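J.: Mind looking over this structure? Questions follow.
Every number in this text was worked out from the coordinates using simple rules, so none of it is lab data. Remember, it's a predicted structure, so these values are computed and weren't measured experimentally.
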C-alpha cells in the first residue's frame, strides 16, 4: 500500500509540474501576443510615423 501511495504521489508531482509548465507556456504565448498587438497598434498609430519622419529628417540633414 505504501509503495502504491509513493508511486501515486510521484505521478502527481510529475503531473503538477507538467500542468505548471503548460500554464507558463500559455501565459508566455498570451503575453507575447498582447505585446505584439500593442506594438502593431503603436506601428499603425501616427506617432510612430512622426517619430520615423523626424528621424529621417535629422538623418538626411546629417548626410547632406
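J.: Please give the Cα centre distance for region 42-57 versus region 14-39, rounded to the nearest Å.
T.: That distance is 31 Å.
J.: Another one. Above 20 angstrom, tally the Cα pairs of region 2-63 and express them as a % of all pairs, no decimals.
T.: The answer is 62 percent, as a whole percent.
J.: What 222 nm value per residue comes from the helices of the chain, counting each DSSP H run with n ≥ 4 as -39,500 (n - 2.57) and dividing by all residues, nearest 500 deg cm²/dmol?
T.: The helix contribution divided over the chain gives -34000 deg cm²/dmol.
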